[in-house]
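Down below is the structure, laid out as structure tokens.
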Amino acid sequence: MKKEKIKMKIKKIFLGKENQSASLTTYVLDDSIETLNGKNRPAVIICPGGGFFTCSDREAEPIAMYFASLGYHAFVLRYTTYFSDTLEMSDLLKTLPKKENTIYPKQIRELGEAMLLIRKNASKWHVDTESIGVCGFSAGGHVAALYSTEFNEPVVTDYLGVDKNDLRPAFAILGYAITDYHLLDADLEKRKNNPMDYHFMTASNIVTCGTEVPDRELETKLSPVDHVDSDTPPFFIWTTATDPLVNPLHSLELASVLAQNNISYEIHIFDQGTHGLSLASQAAAGSKAQISPVVNQWTNLCAKWLENNFALKLPAVSDFEKMKGKN
């Protein structure tokens with residue numbers, strides 16, 4: 001019998017009825033008689049960071065390849081961002097006008113659309129619909145965390161016209177994510193003495209929610225820590241203690257709220273490391289400063305967490321091993 005080779009279906013699919021500002025790229029592993037042989041695999045939807053200005057390439061395909069190497073289907077969601085092309089740093093020195101079609105809750109609704117699209121194609125793609133998780137970094141981590149805590153609220157369910165159970169992620173994986181907009185506002189005050197940092201953060205607020213300084217009510221809408229409930233899925237969280245852009249307290253506060261609500265979680269805070277490390281290896285680095293063998297350990301820790309909680313449905317022994325055992 002001719003053996004099949006594992007291949008990958010890579011396809012870009014545009015989302016949304018209104019425009020083509022968001023897309024889902026599939027990294028779907030082919031079925032093989034040597035591996036799962038018709039059984040379904042877990043899947044991960046990846047939300048790259050980029051401050052809601054753009055979606056980072058460093059937190060897109062390299063992350064998909066990492067999950068694929070573990071045997072998981074991967075999907076990269078390039079959600080709607082303020083700029084459709086590459087961000088120029090000079091853009092951040094200008095006062096950016098508000099764009100209604102790029103602000104909250106646009107991105108979490110697009111993540112919901114991605115979830116429904118994967119469920120719709122689950123049979124064809126061999127996806128285990130009970131094990132579809134989300135993953136995000138920085139601003140993409142904000143999208144993933146906010147979706148994981150608001151998927152069951154009318155802002156998503158009513159808009160998409162589906163039951164919350166069709167939208168619930170099985171798990172969430174966050175890297176240096178924004179989880180508390182109240183904390184972000186407090187950090188903004190501290191950065192007034194640093195014009196570049198302050199302008200970057202106010203510009204990020206404009207592209208995220210349409211205003212430089214959101215009020216308390218809007219901050220609550222944008223804060224995953226304020227939406228954790230009994231429906232919230234388990235989390236794997238990691239960051240660095242020296243992140244200069246997203247305070248590690250975001251990760252710590254989310255872990256604390258999850259604990260208070262008896263939601264399973266695992267958290268790792270590495271002693272040193274800048275913002276935006278992605279895999280922290282040369283596979284996703286734009287410079288040597290973005291390589292850290294210590295921080296790269298998050299990938300092995302995450303792999304073990306997934307194996308413990310969302311393992312591939314493998315038999316104890318293969319047919320070939322059974323045949324050998326009879327000889």
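Using a Förster radius of 41 Å, what is the FRET efficiency between THR211 and THR242 based on their Cβ-Cβ separation? Nearest 0.05, please.
FRET efficiency, THR211 to THR242: 0.90.
What label, among (1) 19.0, 60; (2) 28.5, 90; (3) 20.0, 76, belongs to Rg and Dmax of the Cα atoms in Å computed from the structure on display?
Computed from the coordinates, Rg and Dmax of the Cα atoms in Å corresponds to (3).
Pull out the extension gain between LYS12 and HIS182, defined as 0.36 nm times the separation in residues minus the alpha carbon to alpha carbon distance; nm, one decimal.
Result for the pair: 57.6 nm of gain on full extension.
In the Gaussian network model of the chain, springs joining C-alpha atoms below 10 Å, which of VAL134, VAL155, VAL295 carries the largest mean-square fluctuation?
Highest fluctuation among the options: VAL155.
Work from the charge dipole of the chain (Cβ charges, +1 for Lys and Arg, -1 for Asp and Glu, about the Cα centre) and give the residue of PRO234, ASN300, ASN261 farthest towards its positive end.
Toward the positive end, the furthest listed residue is ASN300.
Return the Rg/Rh value of segment 60-196, two decimal places, where both radii are evaluated on C-alpha atoms and Rh is the Kirkwood radius.
Looking at segment 60-196, the ratio lands at 1.01.
Set the Förster distance to 30 Å, then compute FRET efficiency between ASP57 and LYS99 from the Cβ-Cβ distance, nearest 0.05.
It comes out at approximately 0.85.
Can you work out the FRET efficiency for the pair ASP30 and LEU116, with r the C-beta to C-beta distance and R0 = 25 Å, to the nearest 0.05?
Computed FRET efficiency for ASP30 and LEU116: 0.60.
Test of understanding: in a Gaussian network model of the chain with alpha carbons linked when under 10 Å, which of ILE118, ILE132, ILE33 would top the mean-square fluctuation ranking?
Fluctuation is largest for ILE33.
Report the Cα centroid-to-centroid distance between segment 131-148 and segment 261-282 in angstrom, as an integer.
If you average the Cα positions of each part, the centres end up 13 Å apart.
For ALA303 and MET323, calculate 0.36 nm times their separation in residues minus their Cα-Cα distance, and state this gained length in nm to one decimal.
4.1 nm
Consider a paramagnetic label point 7 Å from the Cα of ASP229 along Cα→Cβ; state which residues of segment 169-206 have an amide N under 14 Å from it.
Answer for this model: none.
Would you calculate a helix-derived [θ] at 222 nm for the chain, using -39,500 (n - 2.57) for each DSSP H run of n ≥ 4 and dividing by the full residue count, to the nearest 500?
One gets -10000 deg cm²/dmol as the mean residue ellipticity at 222 nm.
All of the numbers you see were taken from the coordinates with simple rules; none came from a lab. Quick caveat, the model's predicted, so the values are computed rather than measured. Don't worry about glycine lacking a Cβ; one is built from the backbone with ideal geometry, like all the others, and counts go over all protein chains shown.
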